[in-house]
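Asker: Before I ask anything, here is the structure I am working with.
Nothing in this text is a laboratory measurement; each read-out follows from the coordinates by a stated rule. It should be emphasised that the depicted structure is a prediction, and the values quoted were computed from it without experimental measurement.
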Amino acid sequence: MSAVETVTEVSQALPTLNLYAGGQEQKTESYSYADLLPHFSPEQYPPLTPFKHEDPGFRALKHADPRAFLKNATSVVELTPNLGTEVHGVNLTTLDSEGRDQLALEVARRGLMVFRGQHEFIDRGPDSYLEWGRHFGRLHIHPTSGHPKDYPQIHLVYKDAKSSYNFEREDSITSTVWHSDVSYELQPPGLTTFFLLSQPTTGGDTLFTSQISTLKKLSPSFVAFLRTLSAVHSGVEQAQFSRSGKRGGIVRREPVEHVHPLVRRHPVTGEEALYVNRQFTTRIVGLKREESETILKFLYDHVDKSADLQARVKWQPGTVVLWDNRVTAHSAIVDYGKSNERRHGARITPQAERPIPALEGLELPSL
């Protein structure tokens, strides 16, 4: 029996047997979020089709007070000067359409927002998650990850003592892999919502970096050169990882590669941001192999080492984090493996526009 058949059979079996790992069945009767455990349906999906994205942040620009949704907050603290805001006292479930528009604009401006005390949001369940996400764009269905049964639009991360359904490597000296989610899509995500349903006692933090700030650190002449370049973003390696029997062993949609500008412009704020990441960017179009590798390695090292441009989110129960994939990169920190504790997260991932080149008129070739 193949890995695909094994995982699918077990996930569709008795309701108390939701996961299969290491040849052992894991009973989940006592777990509050058992209905949100990873499910690996073998259903196949057609290629994604282009769509017109209307960013809700544009509407917020017309509001008299675009930050009115924060007026009842008990605490609003900037995590760093360049990136991130932590908010207490705002219940996300009470935000109306106007408040959600304002939230989208604020996330675009700050890159990252951390909302504490959001137990009501988390406990409302998957139908509520979908309603929330659709306000910000068309919901992305991940081609390889696990999702709650009957809710493929909800991407799950999951690791416990016996299993991992994450895209992670064991043959590296670090678990830090900076990326922007599914940047290989023609229209990658914009505003993303993520929260943990279960977390280790310590560890499992998430790192974020401002790609606006990483770009601003570079010399003007080098940035001018980068604006003329485009790069290939590929989902092939991720698909091959699953096809090898890992992460659930499912590929529901054939992997794609698309070309995006190295420097993109945010459609609402107009800010320019570096748009390459170590996980999905494979080469710069039009350059010799050595030239491409040298520039990409320099940019990856720049992102890795720029601690002055980064923010670290320590998870607490009831935390909901939102970020703008167009202007940030992030990495999970897998430092909790020996604790044998569960880390179970859910991501709501609306797609946005095709990346807009910072250099007007830059042609993006098709592959």
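Asker: I'd like the antiparallel share, as a percent to the nearest 5, of DSSP beta bridges with both residues in the range 45-194.
Answerer: Around 60 percent of the beta bridges assigned by DSSP in the range 45-194 are antiparallel ones.
Asker: Once you've got the Cα coordinates, tell me which of Lys162/Lys338; Lys217/Lys305; Lys162/Lys246; Lys159/Lys246; Lys217/Lys297; Lys217/Lys314 are over 18 Å apart. List each step's numbers first, then the result.
Answerer: Details: Lys162/Lys338 11 Å; Lys217/Lys305 12 Å; Lys162/Lys246 13 Å; Lys159/Lys246 13 Å; Lys217/Lys297 16 Å; Lys217/Lys314 26 Å.
Cα-Cα > 18 Å for Lys217/Lys314; rest within.
Asker: Sequence gap at least 6, Cα distance under 8 Å: using those rules, report the relative contact order of the chain to the nearest whole percent. The partial results should precede the final answer.
Answerer: Working: 788 pairs, mean separation 98.7, N = 367.
Here the relative contact order equals 27 percent.
Asker: Roughly speaking, what is the stretch gain from His135 to Asp96, that is 0.36 nm per residue apart minus the C-alpha to C-alpha distance, in nm to one decimal?
Answerer: Taking His135 through Asp96 to full extension adds about 13.0 nm, to one decimal.
Asker: While we're looking at this one, here's another question. Of the residues Pro357, Pro47, Pro189, which exhibits the maximal mean-square fluctuation in a Gaussian network model of the chain defined by a 10 Å Cα contact cut-off?
Answerer: Evaluated over the chain, the most mobile residue of the options is Pro47.
Asker: Would you mind telling me which residue in Glu271, Glu290, Glu54 has the biggest mean-square fluctuation in a Gaussian network model of the chain, where springs connect alpha carbons within a distance under 10 angstrom?
Answerer: It is Glu290.
Asker: Can you return the lysines within cross-link range of Lys52? Criterion is Cα-Cα under 23 Å, with same-chain partners fewer than 8 residues away left out.
Answerer: Filter leaves Lys62.
Asker: Considering only Thr349, Thr328, Thr85, give the residue with the highest GNM mean-square fluctuation for the chain, with springs between Cα atoms whenever their separation is below 10 Å.
Answerer: Judging by the Gaussian network model, the answer is Thr85.
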